[in-house]
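Report on one structure; see the data block that follows.
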Amino acid sequence: MTAKDIEHTYPAVSNLIARLKSRKVHKPFPVAVETALVMRQVISQTRWSTVDQLLEAIRAVGSSLVKAQPSEFSCGNIVRRILRMIREEYQDLLNTVEEEHINKERANGSSTSSSVTTPSSGLSNDQLAERNEPISFQMYSSMLNLLGRPVPEAYPQDKNLGDSRVTGGMDMRAVLIAGIQEIIDELDKINTDIEIQSMDHLHSNEIILTQGCSKTVEAFLRFAAKKRKFSVIVAEGFPNMQDGAHAMAKRLANAGIDTTVISDAAIFAIMSRVNKVILGTHAILGNGGLVTYSGAHLVAQAARHHATPVVVCSGIYKLSPVYPYDLESIIQLASPGNIISFRKGDLISDAEILNPYYDYIPPDLVDLFITNLGGYPPSYLYRIMNDTYDANDTIL
């Protein structure tokens, strides 16, 4: 399925691609929610005969979305989660069919070894239909291919294609849509799941340093401030995060937190007084490194020099299996107008001004990740990644 076919078949996908390219939808959380909603529409509109066909359609749509804006990692992460969810739901429903068939065979007094998955059962599609179990060989072989198991040759190979039903007329479509809704509900309460852990990590009379603006970090600090008294230093993250940092500092001050805004040049000087550094992030890469907003690497380096722990607050939806092989393709450049006015045309014409919007922090500069599933060191992220995504979906 080509990109033109996808945009013609799914208008919602075409609309999201246009908004991603124009940056009307940006930042991890809005992109993740929009992707999940679009994928729910894709599954409800797609016709498929086997699970493999559905996976190929979802993968094609996900690939188009990722190519539209490669820097928005959360888009690909949601697609990978949905692909993993489809495989798991199909596996569960297939196991249910097997168990029901075994129970019926036992009730009829047949051998307990006779089941849907054994070639010796000899049941045709017509016989399965009479039992209200419309399992086709091609759907069964698709699941075996997903699991990496050989397809039994004793089954006849000339059977007709099956459908999305699994047993008793049950349609996988409803199950998958419910699964996507669970992902959306999880996204909505991610900050709540993270902020309740703040009491375990923030203590009274501590000095906390953060950089830029992050809603997750803000919720984390405000929840702890309900029972703990501490001070927060906000590095403004000039030039791209300056306005957001000042706005967040004002909201923290209104919540009763002693808040101070400093310039990025003062980070190293004040780091010796800081007890913890708490950062937000744009994405967590496969090696445990961070793609975060410009200036955060300076904060992490200063914290390492003063042996100050660095804590990162992030939802699991930001965890990406992508590895930073090419940092230049990951670090996006913003307009230099935030650094120097375009009115100074003589100076701009004689100088090359780069304004990186993102920064990369290697995993050895991070001590702890606080996610909606709990707190983990960088070395443990591979386990979470294996539980969240399928290895076949690393490259969409």
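Residues are listed down the side, and each one gets a yes or a no for (1) modelled with pLDDT under 75; (2) over 26 Å from Val311 (Cβ atoms); (3) assigned to a strand (DSSP E or B):
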position	(1), (2), (3)
Gly337	no, yes, no
Ser341	no, yes, no
Leu347	yes, yes, no
Glu352	no, yes, no
Tyr360	no, no, yes
Asp364	no, no, no
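The set of residues in segment 319-332 that are surrounded by 13 or more Cβ atoms within 10 Å (Cβ to Cβ) and not β-branched (Val, Ile, Thr) comprises Leu319, Ser320, Pro321, Pro324, Gln332. Of all residues in segment 31-60, those satisfying the criterion of being in contact with a Ser or Thr (Cβ under 6 Å, 6 or more places away or on another chain) and in a helix (DSSP H, G or I) are Val31, Ala32, Val51, Asp52, Ala57. Pairing each residue of segment 88-99 that is at positive phi with any residue that is surrounded by 18 or more Cβ atoms within 10 Å (Cβ to Cβ) and assigned to a helix (DSSP H, G or I), provided the two are 6+ apart or on different chains, yields no C-beta distance under 6 Å.
Taking the numbered list (1) over 27 Å from the mean Cα position of the chain (by Cα); (2) within 26 Å of Asn355 (Cβ to Cβ); (3) assigned to a helix (DSSP H, G or I) in turn, Ile233 passes all entries but (3). In segment 248-261 there is no residue matching the filter, namely being of a type outside the set (A, V, I, L, M), part of a loop (DSSP other than H, G, I, E, B) and under 23 Å from Gly295 (Cα atoms). Kindly indicate whether Val291 is in contact with a helix residue (DSSP H, G or I) (Cβ under 7 Å, 6 or more places away or on another chain) and part of a strand (DSSP E or B). Criteria met by Val291. Of the candidates Phe268, Phe223, the single residue that is touching a helix residue (DSSP H, G or I) at 6+ places or on another chain (Cβ under 9 Å), in a helix (DSSP H, G or I), open to solvent by 20 Å² or more (accessible area, probe 1.4 Å) and within 16 Å of Thr308 (Cβ to Cβ) is Phe268. Only a single item in (1) modelled with pLDDT of 90 or more; (2) open to solvent by 10 Å² or more (accessible area, probe 1.4 Å) is not met by Ile58, and it is number (2). All of (1) in a loop (DSSP other than H, G, I, E, B); (2) touching a residue at least 40 places away in the same chain (Cβ under 8 Å); (3) in contact with a strand residue (DSSP E or B) (Cβ under 7 Å, 6 or more places away or on another chain) hold for Val311 with one exception: (1). Can you confirm whether Asn205 is open to solvent by 50 Å² or more (accessible area, probe 1.4 Å), without any contact (Cβ under 8 Å) to a residue 40 or more places away in the chain and touching a Ser or Thr at 6+ places or on another chain (Cβ under 9 Å)? So Asn205 fits the description; yes.
When every residue of segment 369-379 is checked against the conditions, none turns out to be modelled with pLDDT of 90 or more, in contact with a Pro (Cβ under 8 Å, 6 or more places away or on another chain) and in a loop (DSSP other than H, G, I, E, B). For segment 272-296, which positions are closer than 27 Å to Ser204 by Cα and surrounded by fewer than 20 Cβ atoms within 10 Å (Cβ to Cβ)? Hits for segment 272-296 are Ser272, Arg273, Asn275.
The values are calculated or read from the model by the stated rules, or taken from the named source; none is laboratory data. Remember, it's a predicted structure, so these values are computed and weren't measured experimentally. Because the Cβ atoms are built from the backbone with ideal geometry, glycine has one as well, and the counts that use them run over all protein chains shown. Side chains are part of the model used for accessible areas, which takes the heavy atoms of the whole protein and leaves out ligands, DNA and RNA. Shrake-Rupley method; radii C 1.70, N 1.55, O 1.52, S 1.80 Å.
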